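Asks: First the structure, which I've put down as structure tokens, then a few questions once you've had a look.
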Amino acid sequence: MIKASINLQDLRRKIYLKAKSDKTWRFWGLYVHVCKIEALQWAYRDVKANNGAPGIDGVTFADIEKAGVEVFLEQIQSELHTRTYRPMRNRIKEIPKDNGKVRILGIPSIRDRVVQGALKLVLEPIFEADFQEGSYGYRPKRTAHAAIDRVAAAVVKNKTRVIDLDLRSYFDNVRHDTLMKKVAERVNDDDVMRLLKLILKAGGSRGVPQGGVISPLLSNIYLNEVDKMLERAKEVTRHGRFTYIEYARFADDLIILVDGYRKWEWLLQAAHKRLLEEFEKLDVQMNQEKTRIVDLTQDESFSFLGFDFRRIKTRRGVWGVRFTPRMKARTALLRKLKDVFRRYQSQPVGRVVYLINSILRGWANYFRIGNSSQCFGYVKDWVEKKIRRHLMYARKRRGFGWNRWSRAWLYETFGLYNDYGVRYHQA
């Protein structure tokens, strides 16, 4: 994320402090800040840093910079000032999923992403003051690793009954009227509300587009009441420094953990019931086939953010937690790498190494926490064998060339990615 200028940072800080100190305050006069060229410049830099694909108009960053970025931003500013701005329809892209289904991405044009970024710049500090501790998805200074660490710590503290939740097409089913009411609880600016409505309607009559700059913020606003309910449950049942329920949410991925002692069975059932009630208010459906209650004391496991969690006995003889990359995640990685090896079979090995290194680096950086060593070892061996096969194919020979090329030679000569160390998460 590109840092805003001092003036924008100061504005955001002041908005956040006011929102934090007065939970009933409704902010007005926000639209003028959305229209400022400084906000649009910041939003453009942030959008460009993500290097996204063009929208339905086909305009790329190269096209914009050829014609002049300042001209581009001044045109947007003029449309916002005169209230003539209208977002384009989102470009629809289907992303295949492992179960044979597809995830629908709604990709706004770069122009519309800049407007969304400027609007997010102003709205984010207001709602950041209202968001709860257990919410981690797409928030400043919060990461997936921190959410995983929170879940692992809860398991260690004997929270072994788990509600493993799955929401049915959450992003596609957000009700616009409900979302607008939630935003209006904190925003008293007709121009901002009108702009937000235009952005939402560009993606259809319902839902927030996965691919929109402001969509993660809106999805967190929509589910904030669920987080508040879980925080209340945590505080009501608290006994001094001991808590008996914990949760972590990353966008629509939600896990609730309850103390494993039998006396807290009622809390597990109550939390499940209250979740159903809150989701009904939001018209959000739980996928009953995939939602389940897990008992870690019965050697069961659950998944969260790409990791499988299981309760184990440590070497010291106490109960701990083991979390490893899901087999599904490893399979997806190998499938992606296989595709590179297949498509570039006739290319020099240096070219192939260059392409797979970026894939391996991103995957390993995400999964290098917890108990990933065994999985990493498998991936490393697999990649080495594929590289050897590639070298032998170029020489029209079979086998892996074990005697011809040492392991060290592969890394030193070609610069093959070799950072598979597991590290503890730093809070």
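Asks: Hand me the list of helices (runs of 4 or more DSSP H) wholly inside the range 16-96 holding 1 or more residues that are among the charged types (D, E, K, R), open to solvent by 50 Å² or more (accessible area, probe 1.4 Å) and more than 19 Å from residue 209 (Cβ to Cβ). Before you say what the answer is, go through the steps one by one.
Replies: On the way: elements: 31-34, 37-50, 61-67, 69-81.
Hits in the range 16-96: 37-50, 61-67, 69-81.
Asks: Another question, if that's okay. Please determine whether any residue of the range 353-373 is over 30 Å from the mean Cα position of the chain (by Cα) and more than 30 Å from residue 310 (Cα to Cα). Lay out the reasoning, then the answer.
Replies: Within the range 353-373, the subset over 30 Å from the mean Cα position of the chain (by Cα) is none.
No: zero hits.
Asks: Return only the number of the condition from (1) over 24 Å from residue 207 (Cα atoms); (2) more than 16 Å from the chain's Cα centre (by Cα); (3) surrounded by fewer than 16 Cβ atoms within 10 Å (Cβ to Cβ) that residue 141 does not satisfy.
Replies: (2)
Asks: Which is without any contact (Cβ under 8 Å) to a residue 24 or more places away in the chain and aliphatic (A, V, I, L, M), of 95, 37?
Replies: That would be 95, the only listed residue that is without any contact (Cβ under 8 Å) to a residue 24 or more places away in the chain and aliphatic (A, V, I, L, M).
Asks: A follow-up question, please. Residues 199, 221, 256: which one is part of a strand (DSSP E or B) and in contact (Cβ under 8 Å) with a residue 40 or more places away in the chain? Give the steps one after another, and end with the answer.
Replies: Numbers: 199 fails: part of a strand (DSSP E or B); 221 fails: part of a strand (DSSP E or B).
Residue meeting the stated conditions: 256.
Asks: Please give the number of the condition residue 395 fails out of (1) open to solvent by 30 Å² or more (accessible area, probe 1.4 Å); (2) touching a residue at least 24 places away in the same chain (Cβ under 8 Å).
Replies: So residue 395 meets the others, but not (2).
Asks: Follow-up. Mind listing whichever residues of the range 137-162 are farther than 24 Å from residue 222 by Cβ and assigned to a loop (DSSP other than H, G, I, E, B)?
Replies: The answer is 157, 158, 159, 160.
Asks: So the check is Cβ under 7 Å with 6+ separation or different chains; which pairs have a first residue in the range 329-350 that's more than 17 Å from residue 306 (Cβ to Cβ) and open to solvent by 20 Å² or more (accessible area, probe 1.4 Å) and a second one that's assigned to a helix (DSSP H, G or I) and not acidic (Asp, Glu)?
Replies: Listed by first residue and then by second, the contacts come to 344/351; 344/352; 344/355; 345/393; 350/414.
The values are calculated or read from the model by the stated rules, or taken from the named source; none is laboratory data. Note that the coordinates shown come from a computational prediction; the quantities given were computed from them, not determined experimentally. We place every Cβ from the backbone using ideal geometry, glycine too, and count neighbours over all the protein chains shown. Accessible surface is based on the protein model in full, side chains and every heavy atom, while ligands, DNA and RNA are left aside. Shrake-Rupley method; radii C 1.70, N 1.55, O 1.52, S 1.80 Å.
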